[in-house]
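The values are calculated or read from the model by the stated rules, or taken from the named source; none is laboratory data. Source: prediction; values computed, not measured. Because the Cβ atoms are built from the backbone with ideal geometry, glycine has one as well, and the counts that use them run over all protein chains shown. Surface areas here come from the heavy atoms of the whole protein model, side chains and all, with no ligands, DNA or RNA. Shrake-Rupley method; radii C 1.70, N 1.55, O 1.52, S 1.80 Å.
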Amino acid sequence: MQPGLGLRFPESFIWGAATSAYQIEGASNVDGRGPSVWDTFSKTPGKVRNGHHGDEAANHYHLWASDLDLIKELGMKSYRFSISWSRVLPTGSGPVNHKGLDFYKRLIDGLHQRGISPMVTLYHWDTPQALHDLGGWENRDTALKFADYAALVARSLGDTVPTWLTLNEPKTVVQNGYLHGSHAPGHRDQAAAYVVAHHQLLAHGLAVQAMRPHLPAEAGIGASLNLHPCYPADGSAEAAAQTYLYDGYENRLYLDPIFKAEYPADVLADIARFSPMETYIRPGDLKTIGEPVDLLAVQYYTPIYVTGTGTTEVRHPISEAFWQQIFPQGLFDILLRVKQDYGDIPLTITENGLPTPDSLGTDGTVSDPGRVEFLRDHFAAAHKAIEAGVNLKSYHVWSLMDNFEWQEGYEERWGLIYVDYPTQRRIPKQSARWFSDVIRSGAI
Ligand code: IFM
C-alpha cells in the first residue's frame with residue numbers, strides 16, 4: 001500500500017466515479033433502443049481495435065443493480081453516467097421509448113436508495129444514427145433536437161437529479177470524430193469540424209435554456225470539458241505564440257463562449273483559413289451559448305508541450321494510452337487557470353484516470369499499483385488547488401469499471417473495477433480498495 005501523504009480533504013468533498021452509456025450498457029438492440037453513430041462506426045471494419053463494439057460491453061443495462069451495490073460498497077457518494085439519446089428517442093426526436101426512459105428512472109432511484117447522488121450527462125458522443133443521417137452536428141437542426149431531448153429528460157427525471165451535464169468533451173467530437181476520423185462518425189474534414197464545434201456549443205446553450213424551467217431551483221447544469229494545460233516547449237517568443245494559439249484550440253474555443261459569450265478572436269480568425277464556421281454563427285447564438293451555468297465539469301488527462309513551429313513534444317512518462325503524458329501538476333495548473341480566467345465557478349472533476357495492464361491473478365485479485373500511484377498524485381494536485389482557493393467540490397475517477405474504450409475496444413482497461421468480459425464478473429481492483437479507504441478516511 002502507498003504511504004499516506006497526510007492530506008485531508010474538506011468534509012463536504014464528494015468522491016465518485018464516472019462511466020458513459022455506450023461504453024458500459026450493452027443491450028444495444030434491447031427494449032427499443034435506436035442505433036447511434038458508435039454502433040455504425042464500431043461495426044465498420046478497421047475502425048476499432050479487434051473489431052470490438054458495444055453490443056454487450058459490460059452489460060450494465062442488465063447488471064445495473066449489482067453495479068450500484070458495488071459503488072455503495074466502495075463508499076462512493078456520487079456516480080456520473082450518461083443517458084443514451086437513442087435509447088430514449090430511438091431516432092433522436094419523435095416518439096419516446098418509455099422502456100428506455102424507465103431504465104434511467106430505475107437507475108436513478110437505485111442510486112438514491114443506496115445514498116449515492118446521480119450526476120447525469122445527456123450526450124457522451126452517441127449521436128442517434130437517424131439524426132446523423134440528416135447531417136448530424138453539421139446540421140444546426142441537431143442542436144434544436146438536442147434541446148428538445150434535454151427538455152424531455154428534464155421533465156421526466158428533473159426532480160431526481162441534482163447535477164446535469166449537457167455535453168461530454170465536445171472537443172473530442174470535433175478533433176477525433178471530424179478531424180482525425182478516429183472516432184465516430186470517422187470524418188476527416190477540417191471545414192466541417194468547426195461547424196460541428198459551433199453546433200455542439202449551441203446545443204449546450206439551448207439545452208441549458210430548455211431544461212431550466214423543468215428543474216428545481218437548486219439543480220445545477222454545466223458542461224464537461226476536457227481541458228489541456230498547454231506549455232511552451234522552450235523559452236522562445238515563437239513557442240509562446242504557438243502555445244497561446246494551441247491553448248485557443250484546446251481550451252478557449254470552448255471556455256470563452258460558455259463563460260464569456262464570445263469566441264476567442266485569434267482562434268476564430270485562424271479557423272477562417274479553412275472552415276466556414278463563422279458564417280454559421282447567427283445573431284444571438286453566443287448569448288445562447290453563454291446562458292449562465294452553475295458549474296464546470298473538468299476532465300483532465302494530459303498536458304501538451306508546444307514548440308515554436310506548432311508541433312508538440314513529450315516531456316513525461318506515457319501511459320498505455322499513446323496520447324496521455326502523466327503529469328499531476330497539470331491538474332493543479334488547469335484548475336487554477338480556470339479560476340483566474342473565468343472566475344470562481346464551482347468545479348467538479350468528472351474524469352481523471354489512466355489505463356493500466358490489469359489482469360486477473362491466480363488468487364482472484366487484480367493488482368494495479370500504477371493506478372493507485374496515479375490517483376494519489378492527482379488527488380494531491382486537487383488538494384493543492386483547493387488550498388489555493390479553487391472552488392472544487394467533487395472528484396470522479398474515470399472509470400468506475402473497465403469498458404469499451406472507443407477505438408481501442410476492450411484492450412485498454414481504465415476501471416477501478418475489473419470486468420471479466422466472458423463471464424461479466426466484476427472484481428474491484430487494488431485501486432478500488434485504496435480509493436475506498438481514501439473516501440472513508442477523507443484523506444490521502
Ligand atoms: O473513455 C474516455 C471517455 O469516454 C471520455 N474521456 C476520456 C476517456 C478516456 O479516453
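Results, tabulated for the structure shown:
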quantity: Eligible lysines near LYS72 by straight Cα distance, threshold 27 Å, same-chain separation 8 or greater; calculated: LYS99, LYS105, LYS393, LYS429
quantity: Span from the segment 136-215 Cα centroid across to the segment 365-444 one, whole angstrom; calculated: 27
quantity: Positive minus negative residues near TYR246 (Lys, Arg vs Asp, Glu; Cβ under 13 Å); calculated: -4
quantity: Extension gain (nm, one decimal) between GLU56 and GLU411, 0.36 nm per residue minus Cα-Cα; calculated: 126.3 nm
quantity: Full-stretch length increase - HIS180, LEU360 - with 0.36 nm per residue and alpha-carbon distance subtracted; calculated: 61.4 nm
quantity: Calculated FRET value between SER12 and GLN209, using beta carbons and R₀ = 30 Å, to 0.05; calculated: 0.50
quantity: Beta bridges per DSSP with both ends in the chain, % antiparallel, nearest 5; calculated: 20
quantity: For MET401, distant residues with modelled amide H under 5 Å away; calculated: LEU416, ILE417
quantity: ILE318 versus GLU238: modelled label distance in nm, points set 7 Å from Cα along the beta carbon direction; calculated: 2.4
quantity: Charge dipole magnitude, Cβ of K and R +1, D and E -1 - the chain, Cα centre, debye nearest 20; calculated: 740
quantity: Among GLY330, ILE345, THR311 the positive-end extreme of the charge dipole of segment 269-389 (Cβ point charges); calculated: THR311
quantity: Accessible area of the chain belonging to carbon and sulfur atoms, whole % at 1.4 Å probe; calculated: 52
quantity: Overall form of segment 236-296 per C-alpha gyration tensor (a/c, 1.5; a/b vs b/c); calculated: oblate
quantity: Potential lengthening between ASP159 and ASP31 on full extension [0.36 nm per residue; Cα-Cα distance subtracted]; calculated: 43.6 nm
quantity: Distant-in-sequence amide H partners of GLY220 (H built 1.01 Å from N, under 5 Å); calculated: THR163, TRP164
quantity: Long-range amide H partners of SER36 with built H, under 5 Å; calculated: GLN129
quantity: Ordering of 162-169, 72-79 by burial proxy (mean other Cβ atoms within 10 Å per residue, highest first); calculated: 162-169, 72-79
quantity: Which of GLY136, TRP38, ILE71, positive extreme of dipole for the chain (C-beta unit charges); calculated: ILE71
quantity: Highest to lowest packing among 21-31, 313-323, scored as the average C-beta count within 10 Å; calculated: 21-31, 313-323
quantity: Projected-area mean, segment 322-444, by convex hull of Cα positions, square nanometres; calculated: 8.5
quantity: Segment 1-114 - accessible surface per residue (Å², probe 1.4 Å); calculated: 41
quantity: Computed FRET value (nearest 0.05) for VAL96 with ASN139, which takes r as the C-beta separation and R₀ as 22 Å; calculated: 0.50
quantity: Surface accessible to a 1.4 Å probe, per residue, for the residues of segment 232-389, Å²; calculated: 42
quantity: Rg in Å to one decimal, and Dmax rounded to a whole Å, for the chain via C-alpha atoms; calculated: 20.5, 63
quantity: Between segment 49-97 and segment 223-292, the alpha-carbon center distance in angstrom; calculated: 32
